[in-house]
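Presented below is the structure to which this report refers.
The values are calculated or read from the model by the stated rules, or taken from the named source; none is laboratory data. Note that the structure is predicted; figures quoted are calculated from it, not measured. Cβ atoms come from the backbone with ideal geometry, glycine included; neighbour counts cover every protein chain shown. Ligands, DNA and RNA are excluded from the accessible area calculation, which covers all protein heavy atoms including side chains. Shrake-Rupley method; radii C 1.70, N 1.55, O 1.52, S 1.80 Å.
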Amino acid sequence: MIKAILVFNNHGKPRMSRFYQYYPEDIQQQIVRETFHLVSKRDENVCNFLEGGTLIGGADYKLIYRHYATLYFVFCVDSSESELGILDLIQVFVETLDKCFENVCELDLIFHVDKVHYILAELVMGGMVLETNMTEILTRIEEQNKLEKQEAGIAAAPARAVSAMKEMNIPQKIKDIKLPDLPSIGNLKF
C-alpha cells in the first residue's frame, strides 16, 4: 500500500504532498524534510529505492523515487508493493502531467495544484493503485475539463441574466405603461 506521495524540488521545497495515513502537519513537514535528505544525497547512478526514514516507518517501508529536472517524485510504500511497479507508476504520473501541461514544470505544480491532485486521484486513491493506463487517465481528465467548462457556462448565467435585464430597460417600460384613469374620490358615491 502507498503511504505517501511527495514531490519536492532540488532545494527540498514541497510542491505536492499526499498522505494516505494521518499524520499531524508538523510530522508531515518532518517527513518531507527527512525524505528529501535521504533521497537528495544519493548518487545519480544508484537504484531508485531505499529503506524508509525513521518517521515514515523505517525498514518496514521503502522510498521509491525518480528525479526529473528540478523535481523529485517520491512514493513511500510498504513491503507489499513492487519497486518496479511503483517506478512505472511514477513514470505514468509524470507523463500524464507532461501531456496535460505540455512540458510540465515546477510552476505547473504550484499554480495548478487542484488539477495535479485530480490527476493523482485518477492513479491512486486511498493508497491503492487504481489505473496505470495513461490513455484512460487522459480520457477521464478530458471529461473533467468538459464538465468544468459546462459549469463555467452555468456560473456565468446570472451575469447574462442581469445583462439581459439591463437591456430591457424595465424602469422606462414601467413609466410607459398606460393605466386607465381612475375616478377621483369626489365622484365616488357611497
Please list the equivalent ellipsoid semi-axes of the chain, computed as the square roots of five times the alpha-carbon gyration tensor eigenvalues, in descending order and whole angstrom. 60, 18, 15
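Would you tally the net charge around residue 26, using a Cβ to Cβ cut-off of less than 13 Å, leaving residue 26 out, and scoring K and R as +1, D and E as -1? Spell out each step's value before the answer.
Details: positive: 33; negative: 25, 34.
Once positives and negatives cancel, what remains is -1.
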In a solvent-free Debye calculation with one equal scatterer on each Cα, what is log10 I(q)/I(0) for segment 1-113 at q = 0.12, 0.15, 0.20 Å⁻¹, listed in the order of the q values? -0.38, -0.61, -1.11
To the nearest 10 degrees, how steep is helix 113-123 against the longest Cα principal axis of the chain, on a 0 to 90 scale? 60 degrees
Which entries of 62/146; 62/99; 41/146; 3/149; 13/115; 13/62 have Cα-Cα distances beyond 31 Å here? 62/146; 41/146; 3/149
Measuring from label point to label point, each 7 Å out along Cα→Cβ, what is the residue 133 to residue 82 span in nm? 1.7 nm
For the chain, build the charge dipole from Cβ charges (+1 Lys, Arg; -1 Asp, Glu) around the Cα centre, then report which of 169, 72, 153 sits farthest towards its positive end. 169
Can you send over the carbon and sulfur percentage of the accessible area for the chain, probe radius 1.4 Å, protein chains only? 56 percent
Quote to one decimal, in nm, the extra length available between residue 40 and residue 27 on full extension: 0.36 nm per residue of separation minus the C-alpha distance between them. 2.7 nm
Given the rule -39500 (n - 2.57) for each run of at least 4 DSSP H residues, summed and divided by the residues of the chain, what is its mean residue ellipticity at 222 nm, to the nearest 500 deg cm²/dmol? -15500 deg cm²/dmol
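With every protein chain present, what is the per residue accessible area of the chain (1.4 Å probe, Å²)? Don't skip to the end; give the middle numbers.
Numbers: 12200 Å² over 190 residues.
Using a 1.4 Å probe on heavy atoms only, each residue of the chain averages 64 Å².
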